Amino acid sequence: MIPDRVGLDKRPIGVSDRIESGHFEGDTVVSARGGSGAVSVLIERKSRFLSVRKLRSMSPSENLLKIRDMSETMHMKTLTMDNGIENKKHSLFGMPTYFCDPYSSWQKGRVENVNRMLRRYFPKGTDFANISQRRIDHVVDLINKKPRKVLGYRSAYEVALEHGVLLRES
């Protein structure tokens, strides 16, 4: 279902071991059954910097537009994602893309972990059609500016700035 799909085993060495910045994982978090909309989630593997955009639908075209929108503010070298149909237009993202094995979401653990963080603010059952991008941005800002032990008690925002992930300060 994904044309020209490249497995994550083909990713450059710097991606897997997080030696260099600019490598992202992507996913979507969907509304509850009967709800509409979703969010497209990107997280940078080294800094854990998060970016999220609201989707009206899970269409490949809309996900493409939102990922392109997010990539305008960040230095993105690669993107790893799952095999969802919303990623069908990956060749138009403007960077090399890699895919997890089918039914192996654990292979993109950073984004799965941050999805759990987002669910603290938007629990299962949330209809993203009723959530504004402004509210999503507020939650993302809280997550990005929270000091984390894994980052030496610095925030993802600080680490992303230090490593040139952000193209401009927010």
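Read-outs throughout are calculated quantities, based only on the coordinates presented, and are distinct from any laboratory measurement. Note that the structure is predicted; figures quoted are calculated from it, not measured. When we count neighbours, we look across all protein chains shown, and the Cβ atoms used for this are built from the backbone with ideal geometry, even at glycine.
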Notebook entry, point to check: R0 = 35 Å: FRET efficiency of SER57 with LEU167, Cβ-based, nearest 0.05?
Noted result: 0.80
Notebook entry, point to check: With charges only on Cβ, +1 for K and R and -1 for D and E, what is the dipole size of the chain about its Cα centre, in debye, rounded to 20?
Noted result: 460 debye
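Relative contact order for the stretch 6-85: what percent, with Cα pairs under 8 Å and sequence separation of 6 or more?
The normalised contact order for the stretch 6-85 reaches 30 percent.
Within 10 Å of each candidate Cβ there may be at most 12 other Cβ atoms; applying that plus a DSSP loop requirement, which chymotrypsin sites (Phe, Trp or Tyr not before Pro) in the stretch 100-141 survive?
Numbers: sites: TYR103, TRP106, TYR121, PHE128; in loops: TYR103.
Sites meeting the loop and neighbour criteria: TYR103.
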Check: Under 5 Å between amide H atoms, partner at least 5 residues away or on a different chain: which partners does TYR98 have, H built in plane at 1.01 Å?
Finding: LEU79, THR80, MET81
Next item on the list: Taking the Cβ of each residue in ILE19, ILE136 as the centre, tally the other Cβ atoms inside 10 Å and list the residues starting with the fewest.
Entry: ILE19, ILE136
Margin query: What's the magnitude of the charge dipole for the stretch 36-109 around its Cα centre, counting Lys and Arg as +1 and Asp and Glu as -1 at the beta-carbon? Answer in Debye, nearest 20.
Written below: 160 debye
Checklist line | Lysine pair number, Cα distance threshold 15 Å (strictly under), the stretch 29-151, separation 8 or more or different chains | finding: 6
Notebook entry, point to check: Farthest toward the dipole's positive end in the stretch 99-147, which of ASN144, SER132, GLN107, given Cβ charges of +1 (Lys, Arg) and -1 (Asp, Glu) about the Cα centre?
Noted result: ASN144
Margin query: Expected output is a single nm value to one decimal: the length gained when fully extending between TYR121 and ARG18, i.e. 0.36 nm times separation in residues minus the C-alpha distance. What is it?
Written below: 34.3 nm
Check: Ranking GLU112, GLU44 by Cβ neighbours within 10 Å, fewest first, what do you get?
Finding: GLU112, GLU44
Item checked: Two-site label geometry, ASN130 and ASP101: point separation in nm, points 7 Å out along Cα→Cβ -> 4.0 nm
Check: Which ordering of VAL114, VAL6, VAL139, VAL150 is given by a fewest-first count of other beta-carbon atoms within 10 Å?
Finding: VAL150, VAL6, VAL139, VAL114
Check: Using the Cβ atoms and a cut-off under 9 Å, what net charge is assigned to the surroundings of GLU25, where Lys and Arg are +1 and Asp and Glu are -1?
Finding: 0
Notebook entry, point to check: Any idea how far the Cα center of the stretch 50-101 sits from the one of the stretch 139-160, in Å?
Noted result: 23 Å
